[in-house]
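Notes follow once the structure below has been shown.
The values are calculated or read from the model by the stated rules, or taken from the named source; none is laboratory data. Nothing here was measured: the structure is a model prediction, and the numbers come from that model. With ideal geometry, Cβ positions are generated from the backbone for all residues, glycine too; neighbour counts draw on all protein chains shown.
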Amino acid sequence: MKFTAPLLAAAAVLIAPPAIAQSDLSEVEIKAEEVGPGIAVLFGAGGNIGVSYGDGGTILIDDQFAPLTEKIEAAVADLGATPVKFLVNTHWHYDHTGGNENFGKRGALIFAHDNVRARMLNGGTVAGTATPPAPAEALPIVTYGQGLSFHANGDTVDVIFLGGGHTDGDSIIRWRESNVVHMGDLYFNIPGYPFIDTSSGGSAVNALNSLDSALRLIDNETKVIPGHGPMSNKAELVAYRVMIGQAVTHVRALKDSGKTLEETVAAKPLAGFDRGEGFIGPVAFVTAIYNSL
């Protein structure tokens, strides 16, 4: 698969400190792609945004960075949709929740997993960068343990917690009748390796379990929205899951043999994996897997 320069730039923004990432977004364009009746994905900087729109009101899935809110609202309006009524966060990272405060102040009702609110409330560290506690207007108002469903816009929109993996609060969103799924950051369709944020409760083992559960919910016709990167499908998601499984197997064998983390990294268990260069390299991924085990 070929990846374009804008996608690589988006990956770079993903791991930039929040202050830097949010101050260098003036040239970002929000591009919409319709993927079904009343369903679209918005590409910009940060996590891909899902949109459900129609007579039941606009549901936004993630909201990237605060300086992009007006551009996101314009893109939503260009779809013929009403202003955002409901906002769902797939997890707590700032490239998916940076616009929460703006949308909260505009009256959007924010939904997320219990752990997302807890992490936003307390703040923490992501990719080595401190994230301060979120202001009250940015916090999810409705939280859940396993999930919930919206019955709106001619579809059943299921918000499902499968056990996490990228963090401890990852949700996927499934448009049941339209056969579309938004994977959040359980699926990175960009060069490099998955980001398993162990500092936020992420686990490579949980990621495998969550991906297995997600794959059981979709079929070969499902349109798959990744957390980052272009639109995808089940076959590509299966290949992604297989890659993670192979990586975990290699690292597990080294750890079970008694090797330390440093020895495991030095053994280069991902040699031969063809993932290209991305913001998460083999050392970071091996380290995350080792710590997950």
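Table for the structure above
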item	result
Members of region 42-72 that are more than 20 Å from Asn189 (Cβ to Cβ) and among the acidic types (Asp, Glu)	Asp55, Glu70
Some residue of region 165-177 being in contact (Cβ under 8 Å) with a residue 40 or more places away in the chain, among the aliphatic types (A, V, I, L, M), buried (at least 24 other Cβ atoms within 10 Å of the Cβ) and farther than 18 Å from Met243 by Cβ	yes
Residue match in region 146-157 (condition: over 28 Å from Thr222 (Cβ atoms) and surrounded by 17 or more Cβ atoms within 10 Å (Cβ to Cβ))	no
Scope region 242-279; condition under 30 Å from Glu33 (Cα atoms) and crowded, with 19+ Cβ neighbours inside 10 Å; matching residues	Ile244, Gly278, Phe279
Scope region 57-76; condition touching an Asp or Glu at 6+ places or on another chain (Cβ under 8 Å) and either at negative phi or touching a residue at least 60 places away in the same chain (Cβ under 8 Å) (or both); matching residues	Phe65, Ala66, Thr69, Lys71, Ile72
Some residue of region 62-70 being among the charged types (D, E, K, R) and crowded, with 16+ Cβ neighbours inside 10 Å	yes
Some residue of region 210-220 being among the β-branched types (Val, Ile, Thr), closer than 14 Å to Ile244 by Cβ and at pLDDT 95 or above	no
Matching residues, region 209-241, being surrounded by fewer than 19 Cβ atoms within 10 Å (Cβ to Cβ), farther than 11 Å from Ile172 by Cβ and touching a Gly at 6+ places or on another chain (Cβ under 8 Å)	Asn209
Residues within region 136-194 that are in a loop (DSSP other than H, G, I, E, B) and more than 13 Å from the chain's Cα centre (by Cα), tallied	16
Residue satisfying condition, being surrounded by fewer than 24 Cβ atoms within 10 Å (Cβ to Cβ), under 20 Å from Val224 (Cβ atoms) and either at pLDDT below 95 or of a type in the set (Gly, Ala, Ser) (or both), within set Pro17, Pro6	Pro6
Set Ala247, Ala235, Ala266: member being modelled with pLDDT of 95 or more and either touching a helix residue (DSSP H, G or I) at 6+ places or on another chain (Cβ under 8 Å) or under 15 Å from Asp185 (Cβ atoms) (or both)	Ala247
